[in-house]
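Trainee: Got a structure for you, questions after.
The values are calculated or read from the model by the stated rules, or taken from the named source; none is laboratory data. Only a predicted model underlies this, so the values are computations on that prediction, with no experimental measurement involved. Neighbour counts are summed over all protein chains in view; Cβ atoms, including those assigned to glycine, are modelled from backbone coordinates with ideal geometry.
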Amino acid sequence: MENNNYNQEVIKNVKQHVGDKLKNLVYSKTEGALESVHHDVGVMFMYQASSGVLEILNTDNKRHYLDGYILDISTIETLYNEYSSIGNGLQFNFIFLTRDEYVKLTGDSSVLDISELSNEFLYLVVTPLDNHNNPFNRHFVIFNLNYAFDINSIIVSESDFITLRNNFLRNNLYEATSTYSSPKDGSVLLRYTWDNLKEIMNETNSSREKYRQVQFILGEVTPYKILSDFFRRNPQYGLDEPKYRRAYSDHEKQLTVVGMYLPEEINGKEGYFDMGSLYP
C-alpha cells in the first residue's frame, strides 16, 4: 500500500513541530507533589495501544513488535555531536524487519529467543535531518544492540532503506493499522528536534544523575474524551487542553512511542514522555 503523503512531510515551520512532551501538556496542581500524572498518561497511551493498534499487530498469537526498544543515551549524544550543527534533528521511520534482516543489521540474535515474536516485526531506523528538514542519506540501526554504537557502522544503505520503507508501506499490517486509525493513515515516522533530544540527554533522576538509557514502548494516541475523563476524575492534575489538541487532535488512534528513562525509579521521579511529531 503506497502512501502518497510521504513526500509531503517537509516541515514548514519547525517551531510548530517541537515534539510536545507530556510534561509540557499535563501537570500537578499541588506544588511539591509527586507528579505521577506523566506516568499515568504514559501508561494510558500504552494501555490504549495494547487493546487497539498493537492488537492488530498480533496474528496467530505471534507479536509483530518488540516489548521495548532500548537505546543508550550515549548513542543520541554521538549523533548529536555529529549532526546537530548541520541539521534540525532525527527522523524515526517505522519499518518491518524479518529475523534474518535484524541479525544482519544488528548482529544481535538475543531477540530471536522470544518464542511469541513473529518472523516479521516492527522496528525503527533513524535518519538525521538537514537544516531544511530533508533526510540525509544516512540511516542508522540503533535499538536493542548487543554492542556499543559505532557511527561508522550499523548503517543501512540508501537503496536498502528505500526498499524497507516501501515494503512497510505495502505491508498488509500497515494497511490494517491505517484502516484502524481511519480516516487518518497509519504512522510512518516520528521526528525529534535536537532540542527534544538534548532534553533526553540531560534528563536526571531524583538523585540528579543522568539516565543511561531510554526505552521506547509502542503506544497509541489516546482519544481526547478518554483523557478528559481521566482529568475530570483526578482534579489534582491539570491539562493544557489547547496544547494537547494542537499536538494530538489530528493523530488519535495512531501509533506512537512512549519513552521511559532507565534505570526506572520506584517511588521517585517519573520518567515517561511522549513525542507528538507524528507523520502519516
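Trainee: Can you name the number of the only condition in (1) of a type outside the set (Asp, Glu); (2) out of contact with any Asp or Glu (no Cβ under 6 Å at 6 or more places or on another chain); (3) touching a residue at least 24 places away in the same chain (Cβ under 8 Å) that Arg63 fails?
Mentor: (2)
Trainee: For residues that are of a type in the set (Ser, Thr, Tyr) and within 20 Å of the chain's Cα centre (by Cα), scanning just region 205-232, find the one that is farthest from Asp250 (Cα to Cα).
Mentor: Let us first name the residues in region 205-232 that are of a type in the set (Ser, Thr, Tyr), namely 206-207, 211, 222, 224, 228.
Filter once more, keeping what is within 20 Å of the chain's Cα centre (by Cα): 211, 222, 224.
Working: Tyr211: 32, Thr222: 11, Tyr224: 11 Å.
Result: Tyr211.
Trainee: Starting from region 202-231, take each residue that is more than 30 Å from Asp185 (Cβ to Cβ) and list its partners that are in a loop (DSSP other than H, G, I, E, B) and among the polar types (S, T, N, Q), counting only C-beta distances under 6 angstrom and pairs at least six apart or across chains.
Mentor: Close Cβ pairs satisfying both conditions: none exist.
Trainee: While we're here: Can you give me the ranges of the helices (runs of 4 or more DSSP H) entirely in region 119-230 with at least 3 residues that are small (Gly, Ala, Ser)?
Mentor: Because the criterion is at least 3 residues that are small (Gly, Ala, Ser), the helices (runs of 4 or more DSSP H) in region 119-230 that meet it are 172-181.
Trainee: If you don't mind, there's one more thing I want to ask. Checking Asp150 against (1) in contact with an Asp or Glu (Cβ under 9 Å, 6 or more places away or on another chain); (2) without any contact (Cβ under 8 Å) to a residue 12 or more places away in the chain; (3) not polar (S, T, N, Q), which single condition isn't satisfied?
Mentor: Asp150 satisfies all of (1) in contact with an Asp or Glu (Cβ under 9 Å, 6 or more places away or on another chain); (2) without any contact (Cβ under 8 Å) to a residue 12 or more places away in the chain; (3) not polar (S, T, N, Q) except (1).
Trainee: Looking at the structure I just gave you, is Tyr102 farther than 22 Å from Tyr211 by Cβ and modelled with pLDDT under 95?
Mentor: yes
Trainee: Could I ask something else about it? From the residues in region 219-260 that are among the hydroxyl-bearing types (Ser, Thr, Tyr) and surrounded by fewer than 16 Cβ atoms within 10 Å (Cβ to Cβ), which one is nearest to Phe94 (Cα to Cα)? Walk me through how you get there before you give the answer.
Mentor: Here is the first cut: in region 219-260, the ones among the hydroxyl-bearing types (Ser, Thr, Tyr) are 222, 224, 228, 237, 244, 248-249, 256.
Remaining after also requiring surrounded by fewer than 16 Cβ atoms within 10 Å (Cβ to Cβ): 224, 228, 249.
Numbers: Tyr224: 25, Ser228: 29, Ser249: 21 Å.
Per the criteria, the residue is Ser249.
Trainee: Select, from Ser206, Ser187, Ser178, the only residue that is touching a Ser or Thr at 6+ places or on another chain (Cβ under 7 Å) and of a type in the set (Ser, Thr, Tyr).
Mentor: That would be Ser187, the only listed residue that is touching a Ser or Thr at 6+ places or on another chain (Cβ under 7 Å) and of a type in the set (Ser, Thr, Tyr).
Trainee: I would also like to ask the following. Say whether the condition of being among the aliphatic types (A, V, I, L, M), surrounded by 20 or more Cβ atoms within 10 Å (Cβ to Cβ) and either free of Cβ contacts under 8 Å to residues at least 60 places away in the same chain or not in a strand (DSSP E or B) (or both) is met by at least one residue in region 91-101.
Mentor: No: region 91-101 contains no residue that is among the aliphatic types (A, V, I, L, M), surrounded by 20 or more Cβ atoms within 10 Å (Cβ to Cβ) and either free of Cβ contacts under 8 Å to residues at least 60 places away in the same chain or not in a strand (DSSP E or B) (or both).
Trainee: Could you tell me whether Asn4 is out of contact with any His (no Cβ under 8 Å at 6 or more places or on another chain) and modelled with pLDDT under 95?
Mentor: When the stated conditions are applied, Asn4 passes them.
Trainee: Given the structure, is Phe168 out of contact with any Phe, Trp or Tyr (no Cβ under 6 Å at 6 or more places or on another chain), of a type in the set (Phe, Trp, Tyr) and in contact (Cβ under 8 Å) with a residue 24 or more places away in the chain?
Mentor: no
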